[in-house]
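Novice: Handing you this structure, nothing more for now.
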2 protein chains.
Amino acid sequence: MARVADQLIETLRNDIRSGVLRPGDQLEEAALAERFGVSRTPVREAVRSLVDSGLLETKPRKGALVRVLSAKELIDLFEVAAELEGMACRLAAERLTAGKAAALEDALQFCRKAADANDQDGYAKANLAFHQAIHNAAGNSRLIEQIEQLAGHINPYRAMPFQMRGRLQKSTEEHAAIAEAILENTGTQADELMRDHMMLQGQRLPMILEAIEPR
Amino acid sequence: MARVADQLIETLRNDIRSGVLRPGDQLEEAALAERFGVSRTPVREAVRSLVDSGLLETKPRKGALVRVLSAKELIDLFEVAAELEGMACRLAAERLTAGKAAALEDALQFCRKAADANDQDGYAKANLAFHQAIHNAAGNSRLIEQIEQLAGHINPYRAMPFQMRGRLQKSTEEHAAIAEAILENTGTQADELMRDHMMLQGQRLPMILEAIEPR
DNA sequence: AAATTATTATATGTATACATATATAGTTCA
DNA sequence: TGAACTATATATGTATACATATAATAATTT
């Protein structure tokens with residue numbers, strides 16, 4: 001059974017992820033109900049669920065709106081995400097198997113190809129695959145869950161095409177160093193490299209925040 | 001306005017936290033509605049919310065039940081919680097202010113008193129206060145949010161009175177070492193000490209799991 | 001007697017109707 | 001003309017009624 005509410009959650013989440021809905025946008029139950037041709041009941045469920053997950057927020061008598069994160073909140077988010085990504089690297093190094101190692105090297109190759117071709121979209125996918133290969137090798141499902149939760153909050157602020165020149169090559173080099181550390185079983189170094197890698201992304205936050213301008 | 005749904009969430013969460021509701025217990029919407037004298041609507045909201053937060057799970061046509069974590073899932077949970085608690089120590093060491101330092105020392109004293117008096121309940125409170133003092137000093141609200149979320153999932157498995165002999169004194173000594181490291185601004189050491197401290201708790205998990213026996 | 005099918009009971013999921021509180025706009029009074 | 005008060009409109013929160021799917025039980029047939 002495909003619950004309407006679940007479809008709504010998925011749709012709204014994608015809209016936020018992709019930037020169709022921008023931080024600050026209002027969401028009104030009746031309007032959403034009409035748009036999707038359903039009653040307010042499943043709409044309410046979806047909105048509540050997204051509020052709980054932190055993607056939306058409610059203003060007292062104003063309904064729900066796409067959550068606007070302050071600069072401090074975004075930095076905090078990144079800090080935690082960086083820590084958990086680093087942890088994943090450490091665990092991956094400790095628990096690496098032959099299969100996981102191969103997958104990691106494959107993902108790294110994808111990054112290289114996309115970077116060489118200067119393919120932004122391709123790199124976004126390869127980048128995700130690289131990180132996921134690490135998560136997968138870490139062997140901790142809760143860790144993955146937490147990382148994905150945080151990523152879901154960061155994504156709306158990453159949707160803007162805001163790649164710096166040469167960042168793809170640089171990012172790939174960082175990935176290579178991380179992968180090497182994991183493959184060589186030096187977990188603490190992989191941890192540190194990944195945290196630095198993540199924090200470099202974080203440094204662009206002020207610029208991104210300025211460019212987004214919630215409406 | 002105090003929404004009924006929010007009160008229900010609070011009540012159910014407490015019931016789970018305190019062990020009134022045990023992992024595996026069934027929750028039926030109609031029954032809850034009658035118990036609290038409200039309609040199914042706010043009950044549904046509360047249940048959905050708790051499912052989203054991971055405290056409940058739904059079986060296809062069986063309604064909601066208090067989520068049962070496998071041993072592996074609990075270990076994963078602890079691993080992540082330990083990492084974030086360690087991170088909090090590292091940040092606290094970096095960002096410590098005079099006021100936060102004093103609060104930390106106070107909390108440590110509470111732990112000492114409760115441990116000396118062999119006061120289990122008192123120690124539970126002091127222990128919480130000690131950790132919160134560190135969280136507070138870390139200056140990252142998202143970190144606190146994540147830690148509390150994880151704690152909410154661990155708590156049902158910690159409700160059982162299962163303190164080992166002498167564990168209070170030992171735990172306090174560990175706290176003291178952690179506090180010292182933070183106060184001396186050696187963040188990485190505080191991080192490691194805290195992770196070890198947390199993992200000692202985690203080691204008792206198999207015993208606790210055996211004792212709980214979901215119904 | 002056993003197996004299969006049909007029926008009923010009970011759960012969730014959705015729609016609609018109703019209550020209530022707040023914000024806004026309009027009117028009235030000073 | 002300005003301020004205050006009232007009324008109305010519009011939002012959320014709750015209750016109730018309805019639809020539907022599944023599981024269990026009973027009945028019928030082989």
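Novice: When the Cα centres of the stretch B:95-133 and the stretch A:19-37 are compared, how far apart do they sit, in Å?
Specialist: Cα centres, the stretch B:95-133 to the stretch A:19-37: 46 Å.
Novice: Return the value, in Å² to the nearest 100, of accessible area buried between chains A and B (probe 1.4 Å, both sides summed).
Specialist: About 2800 Å² of accessible surface is lost on pairing.
Novice: Ignoring ligands, DNA and RNA, please state the percent of accessible area on chain A from carbon and sulfur, probe 1.4 Å.
Specialist: Within chain A, the accessible surface is 52 percent carbon and sulfur.
Novice: Could you identify the residue of B sitting closest to the B-A rotation axis by Cβ and state that distance rounded to whole angstrom?
Specialist: Nearest Cβ to the rotation axis, residue and whole-Å distance: B:52, 3.
Novice: Another question, if that's okay. Only protein chains counted, 1.4 angstrom probe. Which residues of the stretch B:70-104 are at least 50 Å² less accessible in the assembly than when their chain is isolated?
Specialist: B:76, B:79, B:80, B:83, B:87
Novice: Amide H neighbours of residue B:68 under 5 Å, at least 5 residues apart or on other chains, H built in the peptide plane: list them.
Specialist: B:24
Novice: 7 Å along Cα→Cβ for the label point: how many nanometres lie between residue B:24 and each equivalent label in the other copies, listed shortest first?
Specialist: Result for residue B:24, in nm, nearest copy first: 5.2.
Novice: Oh, and also: Return the sequence-ordered ³J(HN,Hα) values of the stretch B:98-110 in whole Hz as given by the Karplus equation 6.51 cos²θ - 1.76 cosθ + 1.60 applied to θ = phi - 60°, using x for Gly and Pro.
Specialist: Once rounded to whole Hz, the list reads 4, x, 5, 4, 5, 4, 5, 5, 4, 4, 4, 4, 4.
Novice: Could you work out the relative contact order of chain A? I mean the mean sequence separation of Cα pairs under 8 Å and 6+ apart, divided by the number of residues, in percent.
Specialist: Averaging sequence separation for qualifying contacts and normalising by length gives 28 percent for chain A.
Novice: When each copy gets a label point 7 Å from Cα toward the beta-carbon at residue A:3, what are the spacings between them in nm, shortest first?
Specialist: So the distances to the same position in the other copies read 1.6 nm.
Novice: Hey, another quick one. For the stretch B:4-66, what's the relative contact order in percent, using C-alpha pairs closer than 8 Å and at least 6 residues apart?
Specialist: 41 percent.
Novice: Looking at the square roots a ≥ b ≥ c of the eigenvalues of the Cα gyration tensor of the stretch B:4-66, which shape do they give, rounded for a/c under 1.5, prolate if a/b is larger than b/c, or oblate?
Specialist: Verdict is rounded for the stretch B:4-66.
Novice: Can you give me the angle between helix A:120-138 and the longest principal axis of chain A, using Cα atoms only, in degrees from 0 to 90, rounded to the nearest 10?
Specialist: With rounding to tens, the tilt is 70 degrees.
Novice: Shifting gears a bit: Could you tell me the calculated FRET efficiency between residue A:154 and residue B:38, based on Cβ-Cβ distance and R0 = 45 angstrom, to the nearest 0.05?
Specialist: 0.75
Novice: In addition: Could you point to the residue in B:110, B:120, B:151 farthest towards the positive end of the stretch B:71-212's charge dipole, with +1 and -1 charges on the Cβ of Lys/Arg and Asp/Glu respectively?
Specialist: B:120
Novice: Would you check the protein assembly as shown for Lys pairs whose C-alpha atoms are within less than 28 Å, ignoring same-chain pairs closer than 8 in sequence, and give me the count?
Specialist: Total qualifying Lys-Lys pairs in the protein assembly as shown comes to 22.
Novice: Placing the label point 7 Å from Cα along the Cα-to-Cβ direction, what are the distances from residue B:129 to the equivalent spots in the other copies, shortest first, in nm to one decimal?
Specialist: From this label point to the equivalent ones elsewhere in the assembly: 5.4 nm.
Novice: Out of A:5, A:43, A:26, whose Cα points farthest toward the positive end of the dipole of the stretch A:4-66 (charges: +1 Lys, Arg; -1 Asp, Glu; placed on Cβ)?
Specialist: A:26
The values are calculated or read from the model by the stated rules, or taken from the named source; none is laboratory data. Computed from a predicted model, the values in this text were never measured in an experiment. A quick note on method: Cβ atoms are made from the backbone with ideal geometry, for glycine too, and the neighbour counts reach across all protein chains shown. Just so you know, the surface numbers come from the protein's heavy atoms only, side chains and all, with ligands and any DNA or RNA stripped out. Shrake-Rupley method; radii C 1.70, N 1.55, O 1.52, S 1.80 Å.
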